[in-house]
Amino acid sequence: MGRVAGKIALITGAASGLGFADAKLLAEEGAKVVLTDVNIEKGEAAALELGPSASFIKHDVSSEQDWIEVISKIDELHGNLDILVNNAGVVVMSDPVNCTLEEFRFANRIMSEGVFLGMKYSMPLLKKNHGGSIVNMSSTASHLGYPIFFAYSAAKGAVRSMTKSMAIHCQAESFPVRCNSVHAGGIETPMVQFAQGRADEAPVDVPAQGVLPADSLGTPKDVASMILYLASDESRFVTGAEFLIDNGLLARPAM
């Protein structure tokens with residue numbers, strides 16, 4: 001019996017990287033997983049790799065209409081939703097002075113507005129059951145100052161704040177839904193490799209570059225293990241919390 005057996009999970013940005021790792025582990029532990037992504041080819045291949053417990057829906061998380069349609073399809077296919085993992089993200093590299101308004105808005109459309117829309121439109125399905133769970137992917141960048149990732153940090157900071165607000169709202173309204181955020185740093189993923197292409201494609205989580213020793217990098221599975229815990233009934237008394245997966249990055253004193 002898996003730790004999330006019988007549960008229905010929606011994971012955004014699941015065609016690769018952290019999202020795929022989350023979907024894979026949840027499926028291995030008994031959940032039916034719905035992968036969404038803007039990349040149709042990779043998304044369909046990812047769902048095929050995971051087998052009959054997985055399905056794929058094309059999904060732009062910044063589109064309100066897409067969210068309405070995705071939730072409607074999940075309701076039609078499964079009748080409920082137990083787990084929402086707001087994982088979709090992008091890396092925008094620009095400092096506060098050189099960042100354009102469009103770059104800033106782009107990062108926030110995907111990661112801030114995308115999380116807002118996900119929580120808003122998934123809530124009717126999540127609260128149908130006793131023990132729904134929302135897991136929002138934030139970052140160590142929401143805690144520290146990273147000028148070159150100004151827009152990214154702003155979006156992840158918004159995710160951190162919205163998570164706590166939604167957790168308290170659910171309690172106030174007696175919704176049986178938990179809401180927590182995960183803050184990773186120093187994790188090796190394809191998105192990060194792409195962002196670091198201008199720096200010899202170093203496989204280092206962007207906010208951790210030059211801070212963590214090379215042999216201390218984490219893997220997507222390290223993050224997925226936390227997602228699994230928060231998605232499972234083991235975390236029934238956990239909400240409004242933030243979980244760092246950064247190998248002590250934020251605990252280190254300033255040098």
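Values computed for the structure shown
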{"read-out": "Ala184 long-range amide H proximity, modeled H, under 5 Å", "value": "Ser138, Ser139, Thr140, Ile245"}
{"read-out": "Under-5 Å amide H pairs with His59, H placed in peptide plane, nonlocal only", "value": "Asp37, Val38"}
{"read-out": "Separation of alpha-carbon centers, segment 1-43 and segment 235-255, rounded to whole Å", "value": "23"}
{"read-out": "Count, lysine Cα pairs under 15 Å in the chain, 8 or more residues apart or across chains", "value": "13"}
{"read-out": "Cα→Cβ-extended label distance, 7 Å offset, between Ser53 and Ser225, nm", "value": "1.9"}
{"read-out": "Check: segment 59-116 dipole with +1 on Lys, Arg Cβ and -1 on Asp, Glu Cβ, in debye", "value": "140"}
{"read-out": "Fully extended contour minus Cα-Cα distance, from Ala5 to Glu103, at 0.36 nm per residue", "value": "31.2 nm"}
{"read-out": "Helical mean residue ellipticity (222 nm; -39500 (n - 2.57) per DSSP H run of 4+; nearest 500) of the chain", "value": "-12500 deg cm²/dmol"}
{"read-out": "FRET E, pair Glu64, Arg252, Förster distance 45 Å, beta-carbon r, rounded to 0.05", "value": "0.65"}
{"read-out": "Structure-derived Cα extents along the principal axes in Å - corresponding label in [x] 49, 40, 36; [y] 79, 35, 34; [z] 83, 49, 34", "value": "[x]"}
{"read-out": "Gained length - Lys164 relative to Asn80, 0.36 nm times residue gap less alpha-carbon distance", "value": "27.9 nm"}
{"read-out": "Value of relative contact order over the chain, rounded to a whole percent, pairs C-alpha under 8 Å and six or more apart", "value": "19"}
{"read-out": "Listed residue (Ser53, Leu126, Gly17) projecting farthest to the positive dipole end of segment 8-245, Cβ model", "value": "Leu126"}
{"read-out": "Interchain or long-range residues, amide H under 5 Å from Leu84's placed H", "value": "Leu10, Ser133, Ile134, Val135"}
{"read-out": "Segment Phe237-Glu173, length gained on full extension (0.36 nm per residue, minus Cα span)", "value": "21.4 nm"}
{"read-out": "Point-charge dipole on Cβ atoms (K/R +1, D/E -1) for segment 8-245, about Cα centre, debye to 20", "value": "600"}
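Bear in mind these aren't lab numbers, they're just calculated from the coordinates by the rules spelled out. Computed from a prediction, not measured in an experiment: that's the story for all the values here. When we count neighbours, we look across all protein chains shown, and the Cβ atoms used for this are built from the backbone with ideal geometry, even at glycine.
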